[in-house]
Structure formats: C-alpha cells, structure tokens
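One structure is given below, encoded as structure tokens.
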Amino acid sequence: MGRKGGMAVLAAVGLVLLAGCGASNPESSSARDASSVGAAAKPEGVASDSGGKAASGQPKAPVADQPTVTRAIIRTGSLTVEADDVNAKRQEAITAIIGLKGQVASENTGDDAHGNISSANLVLKVPSTSYDAAIDVLSKLGKRLQIHQESTDVTEQVVDVDSRIRTQRASLDRMRALLAKANTIGEIVSVESELTRREADLESLLAKQKNLALQTELATLNLTLTSKDTPPVVTAPDRGFVGGLKGGWHAFTATFSALATALGAVLPFAVLIALIAVPVWRYRRRLRRTATPAAPAESGPA
C-alpha cells in the first residue's frame with residue numbers, strides 16, 4: 001500500500017474516531033436515526049395524501065402495539081424479629097430461604113453469658129419473584145419489631161447500558177477492520193491504541209451490565225433475630241465468715257489493682273526524670289571535685 005493508501009487508512013481512522021465519539025452518546029445516534037426515518041417516511045405521507053380521497057371510505061389499518069419494556073427493579077428490605085429460640089428460628093429462616101431458591105450471603109451471631117446464641121443477623125439473597133413470599137415467611141418467625149422495604153427502578157440504566165454495549169461492539173469491529181488494512185507502523189500504533197481503549201470501555205460496560213442483572217434478579221433481605229429480655233437473677237449476699245472473707249479479698253484485690261495502676265502511670269515519668277537527673281548529678285559532682293584546690297604542702301624550717 002502506497003502513500004495514498006496510508007492516507008486513506010488515516011482518514012478512515014479519523015472517521016471511526018468521530019463515529020465512536022458520536023456513538024458514546026445514545027441520544028445523538030437516536031436523533032440521527034429518527035431524522036432519517038422521518039425523511040424516508042415523507043414520500044409515503046405525500047402519496048397517501050394524493051390518494052386520500054379514493055381511500056377515504058376504507059377503514060384505517062390498526063396501529064401495531066409498541067413492544068412493552070420489562071421493568072428492572074432492585075428490591076431490598078430489612079426486618080427485625082423477636083424470637084423465643086434465636087438459634088432454632090435462625091435455622092428455620094435459612095431453610096425457608098433455600099427453599100425459595102435463595103442463599104445466605106453473610107451471617108453474624110452473638111452469644112449470651114451461657115454460650116447460647118442470643119442474636120443473629122443474616123443477609124439473605126432471594127429471587128425477586130420470591131421477595132414477597134420471603135417477607136411473609138420471615139415475619140412469621142416470631143414477633144416482628146421492625147420492617148423496611150425499598151424498590152429502585154433502574155430500567156433506564158439497563159436500557160442505556162445495553163445500547164452502549166451494542167454500539168461499542170460495532171465500533172470494535174470497525175477498528176479491527178482498519179487494523180487489518182493498516183500498513184505503516186504509525187497507522188498500526190494509532191489503531192491499536194484506540195482499539196485497546198475501546199475494549200477497556202466495553203469490559204467496563206459488561207461489568208456494569210452484570211452487576212445490574214444480579215441486583216435485579218436477586219433481592220436483598222437483612223434479617224435480625226433477637227431474643228426476649230430475661231430478668232437478671234438476684235442472688236442473696238453471703239453472710240458470716242465466708243461473706244467477710246470474700247469482702248476482704250475483694251478489697252485487697254481492688255487495692256492492689258489501684259496501686260498497680262498508679263505505679264504503671266508514674267513509671268514512664270520516673271524513668272524520664274532519672275535519665276535527665278542522673279547525668280546532671282554526676283556532672284555537678286565532677287565539677288565540685290575539680291573546683292576544690294589541693295591542700296598546699298607544709299614548708300620546712302628555713
């Protein structure tokens with residue numbers, strides 16, 4: 001391919017880039033499609049007007065119904081249920097969700113002083129078609145204390161992402177065709193760079209499409225199970241020698257703990273003061289020794 005061929009490939013790359021920029025905006029492409037459809041429909045309208053008198057006595061053909069768009073809804077909910085036996089109701093909830101073709105996404109439990117499960121929090125995933133049935137089953141586990149439900153319509157996002165994916169795939173096909181025609185190194189580098197960028201954009205769109213599909217297909221339920229509050233057991237205080245011994249022991253341990261706490265609080269400061277005071281004391285002692293004059297020797301008789 002000569003110079004003219006190289007220029008042709010570069011011109012084609014420029015056209016594809018412009019087309020890609022326009023394709024990233026679905027509204028502009030839809031407007032162009034609508035204008036072309038309107039322009040093509042004009043002659044038919046003129047022809048029908050010219051023959052309107054002849055066809056005025058005939059009934060009009062029924063207009064075809066527009067295809068209905070399936071709504072994409074993300075459903076979430078949370079409820080708190082008070083149960084007599086938290087562990088038993090937790091197992092019952094898991095069995096019910098699995099029976100509805102759902103699953104347990106995460107689970108957290110809390111134990112009481114005796115090691116029994118006293119609270120549980122479960123994040124459940126169920127098909128959106130079984131959401132209402134799941135709410136009904138979980139509400140019957142005990143006394144329902146709280147419930148919150150929310151629905152988010154993401155139909156426009158789903159339609160937009162699907163349209164952008166189709167446009168991006170068509171753009172990639174055009175870029176691959178240009179890459180096959182490229183001859184010089186500059187042309188190959190330019191086309192490959194644009195091809196890589198558009199492939200990354202397509203992967204991002206596909207990930208978003210998958211995420212939306214998962215959120216709309218599976219509803220999320222947050223179930224919290226709590227046990228009824230039990231009154232604390234009041235024990236009679238010990239009396240006599242045993243009571244005095246326990247009281248004295250508690251007083252001794254409390255005093256020792258207080259002294260240990262005070263010592264731990266003072267110890268860092270004591271170490272710091274010692275590190276400063278000891279060198280100062282030794283330095284002053286050394287100065288005192290050098291400052292004291294030596295006693296003069298006694299002179300003998302002349």
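Each reported figure results from applying straightforward, stated rules to the coordinates on display, with no laboratory input. Fair warning: this is a prediction, and the values are worked out from it, not measured in the lab. We place every Cβ from the backbone using ideal geometry, glycine too, and count neighbours over all the protein chains shown.
Quick notes on this one:
- Rg/Rg_ref, the stretch 91-188, where Rg_ref = 2.2 N^0.38 Å and atoms are Cα: 2.01
- Gain in span if fully extended, residue 166 to residue 270, counting 0.36 nm per residue against the direct Cα distance: 30.0 nm
- Counting other Cβ atoms within 10 Å as a rough exposure proxy, the listed residues 273, 117 run 273, 117 from fewest neighbours to most.
- Simple spin-label estimate for residue 128 and residue 88 gives 3.8 nm between the two label positions (7 Å along the Cα-to-Cβ direction from each Cα).
- Least to most buried among 283, 131 (fewest other Cβ within 10 Å first): 283, 131
- Modelled spin-label separation between residue 193 and residue 288, with each label point placed 7 Å from Cα along the Cα-to-Cβ direction: 8.2 nm.
- Residues residue 207 and residue 76, FRET efficiency given R0 of 25 Å [Cβ-Cβ distance, rounded to 0.05]: 0.75
- Stretching the chain fully between residue 145 and residue 116 yields a gain of 8.3 nm (0.36 nm per residue, less the alpha carbon separation).
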